[in-house]
Amino acid sequence: MPDSDTGAPPRVVLVTAAALAVALAVAVAVFALTQRSSDPASDAGPLPLVPVPAPFATSPACTTLLSAVPTELKSNGTPLKVRELAAPAPPATVAWGTDDPLVLRCGLNRPPELTPTAALRLVNGVQWLQVPGEGASTWYVVDREVYAALTVPDSAGTGPLQTISDTVAAKLPARPLRFS
């Protein structure tokens, strides 16, 4: 029954409604905290990736490289764990992280941007060709027997590129650049 002076509901109804709202908020918070996994990558579910042509994905060089990549990369001090890929997963592909994942693909065709005048960067003994994109850059390994590409979000630090360079340098011998 409304208060006759103001038209507001009785105080007991307001107090009860407020108590129920607080209890519901606490229950939702407790549920969310107890259901949270310790591995954020598993919370995100499998990562769907668009297949790209990778005619050399089954090569021994890709097998060697992918078997040696770390299960965790550090980006700006944050550890990024290997992410499960959604089926059908592209061959010779690995991903790390959840929000802006890093993706390594092996066995690709020569990138068309690789020309005799292309600007290359040497990172820990590996020559890379950077192809900028919107929100991320794809870095192509261009001086090994197979082409591999690491797609790195703009928000990532340089750690992942350095770590993958170390793995490439340790597992795949350098080769002269090929422009055709």
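No value in this document is a laboratory result; all are computed from the given coordinates. All figures in this text were calculated on a predicted structure; none of them were measured in a lab. Glycine also receives a Cβ, built like all others from the backbone with ideal geometry; neighbour counts cover every protein chain displayed.
Couple of notes before you dig in:
- Label-point separation, residue 180 to residue 145 (7 Å along Cα→Cβ), nm: 2.3
- Here the spin labels are modelled as points 7 Å beyond Cα on the Cα-Cβ line, and at residue 115 and residue 59 they lie 2.4 nm apart.
- Its Kirkwood hydrodynamic radius, worked out from the mean inverse distance over all distinct Cα pairs, puts segment 39-180 at 15.2 Å.
- Cleavage-rule hits, GluC sites (Glu not before Pro), segment 103-165, DSSP coil, Cβ neighbours within 10 Å at most 10: 134
- Amide H contacts under 5 Å for residue 49: 86, restricted to partners 5 or more places along the chain or on a different chain, H placed in the peptide plane at 1.01 Å from N.
- Compared with the direct C-alpha span, the chain from residue 87 to residue 130 gains 12.6 nm at full extension, assuming 0.36 nm per residue.
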